[in-house]
Amino acid sequence: MLKISVRNETPQKPLLLEVEGRLAGPWVEELERSWEAERQKAPSADIIVRLSSVSFIDEAGKELLTKIFRAGAKLEGSGCMVRAVIARIMGAVFPAHDCEGESREIIAAQSGGGQGE
């Protein structure tokens, strides 16, 4: 199960796609459809994809998140697994000790501005 909430509070703030649940199987396509629909309304650089309470991300989900990041959107997430996935997408090293005590810190990744892939 996947829940996607779209929030666009004001034109001055980035559009937020909040994702909860499992990003796997048919839910990957659902997120891609939602993201593509929102890209019609706002440039990728003005979109944040927040992975809140995401319990699992399969390979197709990781590929989609990479595509979203490379297009210029910002990725945010909390939880050890999600933070590690975002770090990997960014090309950063995620130290294993970061998962000790399972901090609730949010990691955010901002692309340098994609080409709208």
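Please treat every number below as a calculation from the coordinates, not as lab data. These figures come from a predicted structure and were not determined experimentally. Positions of Cβ are backbone-derived with ideal geometry, glycine not excepted, and every protein chain shown enters the neighbour counts.
Using the count of nearby Cβ atoms within 10 Å as a rough guide to exposure, how do F56, F69 rank from fewest to most?
Numbers: F56 13, F69 22.
Lowest to highest Cβ neighbour count: F56, F69.
Taking other Cβ within 10 Å of each residue's Cβ, how do R33, R88, R83 sort, fewest first? Intermediate results must be reported in sequence, preceding the final value.
Numbers: R33 11, R88 14, R83 22.
Neighbour counts put them in this order, fewest first: R33, R88, R83.
Using Cβ contacts closer than 10 Å as the measure, can you line up V28, V82, V6 from fewest to most? Intermediate values should be presented prior to the final figure.
Working: V28 21, V82 25, V6 14.
Listing V28, V82, V6 from fewest to most nearby Cβ atoms yields V6, V28, V82.
Simple spin-label model, 7 Å along Cα-to-Cβ: K3 to T66 in nm?
Going from the K3 label point to the T66 one covers 3.0 nm.
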